[in-house]
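Engineer: My questions all concern the structure below.
Just so it is clear, none of the values below were taken in a lab; they were calculated from the coordinates. None of the values given here were measured: they were computed from a predicted structure. All Cβ positions, glycine included, derive from the backbone under ideal geometry; neighbour counts span all protein chains shown.
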Amino acid sequence: MNSKTILRNTLWYGLENLISFLASLITSVLVARALGPSRMGYIIYVMWMANIASSFGSIGIPATTRKYMAEYLGSGQQSTARFIYFRTLYIQIGMATVMTAASIVWVLWNSPTEFRLAALLLVIGVWPSMVNFISAQANVASEDLSANLPASVASTATFFVLTVLAVVLHWGVVGIASAMLGMRIVDFAVRFFPTVRKVRSWPSDNVSLPPDLRPRMFHFAWQSITGMMLTLIVWDRSEIFLLKHMSPDVRQIAFYSVAFSLAEKLLIFPTVFASATGATVFAQYGRDRSRIPAMTASSARYLGLTSLPLHIVTTALAGSLLVAMYGDQYRGAILVATMAPLTCLPKAFLTPVQTLFEAVERQKYFIWATLFASVVDVAVAWWLIPQHGAVGATIGSGVAQLIAVTALWALAISRYRIRMPWLFLGKVTIGSTFAAICAYAVARVLPPLPGLLAGTGVAGVLLLGCAWLFRWLEREDLERLKVLVDASPTVLAAPVQMTYSWLLRRVTIVEELP
């Protein structure tokens, strides 16, 4: 039952993120080419500051909403879940109002005149963004990720159309900021009202709140906010702040951001799968918490199967990809783009273990691991940025993420006896490294675009061969995959079924080998 729920939610959340991924990829290239590294540098800095303000409301209260709504919905107590939703929503609205007002004051006091209007538009979007998190997490808590799709599609389409208009009509940074604000307003409107109607339909009378619910929620929210503040340093490109104030070349912000934007797009499957799994983990805590460690280990296996090949092969092709997409004016970011996929790889494995600690209410492990990693990140970046710019920021970020994820998984494995698929992860790493070396050998002798296409083709063929040789897929994997195959749209049913049948035959042949 859990496998089917996870795979169904993976499909819906995957579709949502795929649409967002394609639109953001196209728009980021258009904006970067139109503005150039120098003008991009400052607008990226303001966008990052606005996202930081939004992040203060994305973790603490919304995470509490998700965790406790899922727990009580999992045990069939809709009235309690309804109470949790509206209580956290009102708190979030108050926090969003304060944070937006503070952001506006900061912009009016700090921003250069030529960027002031654009910066104001960006920070005004903090309010709908923060309030929107509550409804989004309520849908996750009810294990209905399809409910988040309409808002994502509508907001992504809005941003895409407005961004294209801004580039074509030369509206500059004000046009880009308007597109961002429009996206957040549409996302809020389309998601908020249907979610409120759904939650209002749940019973509201005879709510008997457990006496320990309020202190548990308060303690959880406080730990989430503390963890979030540390998360901003390790996981959310805090190096942009150091680059702004420690590097004399404003282009380094653009180089760092563009390279990491490409690398973090590789996290689309880990984000999708881990979020779908997380929704079920929280609900499982209300049903049978003894199965949570096994679900966490299974998550690590599937994340390894997707993330390791993607990140390792992209490392070999990053230079060709960057120049082919963004042009020669971003050649200064090639080294950063080459390092970024590997430095982002630990983040792919973060959510399952973080969700585990949240489900069992042991967030202190996440806080302490992230605190130590934060110190390392700031120290390394502070040391390297003045001389090496974006490269120094990349090294600091990568080292910190590796330390944090390693520490968290070590704690989880030790305390909850998680049986990790080490042999499987090793085989995937060896095969992916071989494919990456061959792809690089092909790409380096060709111009950027032909090299990228040829290298990708070579890597794809070799990865399929390694999957066959090292037996990456098992029959259990295909049984779970069958849920997605059966849910495929009619237009894709024939090719999807054909691919599934081919994989099933291959696995059957491998099983019959001595």
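Engineer: Distance check, please: which entries in LYS67/LYS347; LYS244/LYS265; LYS244/LYS347; LYS67/LYS265; LYS265/LYS427; LYS67/LYS427 exceed 31 angstrom between their Cα atoms?
Structural biologist: Correct reply: LYS67/LYS427.
Engineer: Moving on. Under 14 Å from the Cβ of THR338, count the other residues' Cβ atoms, weight Lys and Arg +1, Asp and Glu -1, and hand me the total. Could you put the intermediate results ahead of the total?
Structural biologist: Numbers: positive: ARG331, ARG444; negative: none.
Charge balance in the 14 Å sphere: +2.
Engineer: Go ahead and run the numbers for FRET between ARG331 and HIS245, Cβ-Cβ distance against an R0 of 25 Å, rounding to 0.05.
Structural biologist: 0.50
Engineer: Sticking with this one: Measure off 7 Å from each Cα along the Cα-to-Cβ vector at VAL461 and ARG444, then give the distance between these two points in nanometres to one decimal.
Structural biologist: Here the modelled spin labels are 2.0 nm apart.
Engineer: For segment 108-128 and segment 146-180, what is the separation of their Cα centres, given in Å?
Structural biologist: 17
Engineer: Using a 10 Å cut-off on Cβ atoms, rank the peptides 376-388, 413-425 from the highest mean neighbour count down.
Structural biologist: 376-388, 413-425
Engineer: Stretched out fully, how many nm does the piece from HIS170 to ALA294 gain, at 0.36 nm a residue minus the Cα gap?
Structural biologist: Numbers: separation 124, 0.36 × 124 = 44.64 nm, distance 5.34 nm.
Full extension from HIS170 to ALA294 adds 39.3 nm.
Engineer: If each residue of separation counts as 0.36 nm, what is the full-extension length gain between ARG415 and VAL105 once their alpha-carbon separation is subtracted?
Structural biologist: 107.0 nm
Engineer: With +1 on the Cβ of every Lys and Arg and -1 on the Cβ of every Asp and Glu, and nothing else charged, how large is the dipole of segment 78-210 about its Cα centre, in debye rounded to the nearest 20? Working shown, then result.
Structural biologist: On the way: 8 positive and 5 negative charges, 46 e Å.
Magnitude of the dipole: close to 220 debye.
Engineer: Return ILE91, ILE44 ranked ascending by Cβ neighbour count within 10 Å, so the fewest neighbours appear first.
Structural biologist: Values: ILE91 17, ILE44 25.
Least crowded to most crowded, the residues run ILE91, ILE44.
Engineer: Now for a different question. Could you give the length gained on full extension between ALA154 and ARG116, defined as 0.36 nm per residue of separation minus the Cα-Cα distance, in nm?
Structural biologist: Working: separation 38, 0.36 × 38 = 13.68 nm, distance 2.78 nm.
Length difference between fully extended and current span is 10.9 nm.
Engineer: Using per-residue counts of other Cβ atoms within 10 Å, averaged over each peptide, order 440-453, 323-336 from highest down.
Structural biologist: 323-336, 440-453
Engineer: Calculate the FRET efficiency for GLN387 and PHE470 from the Cβ-Cβ distance with a Förster distance of 51 Å, rounded to the nearest 0.05. Let's see the in-between values first.
Structural biologist: Details: r = 42 Å, r/R0 = 0.83.
The pair GLN387/PHE470 has a calculated efficiency of 0.75.
Engineer: Sum up the charges of everything whose Cβ sits under 15 Å from the Cβ of ALA348, counting Lys and Arg as +1 and Asp and Glu as -1, but leave ALA348 out.
Structural biologist: Spelling it out: positives minus negatives among the neighbours equals +2.
Engineer: Related question: Could you state, as a whole-number percent, how many of the C-alpha pairs of segment 327-417 are farther apart than 15 Å? Don't skip to the end; give the middle numbers.
Structural biologist: On the way: 2553 of 4095 pairs.
Roughly 62 percent, rounded to a whole number.
Engineer: Can you sort CYS438, CYS344 so the residue with the fewest Cβ neighbours within 10 Å comes first?
Structural biologist: Taking fewest neighbouring Cβ atoms as first place, the list is CYS438, CYS344.
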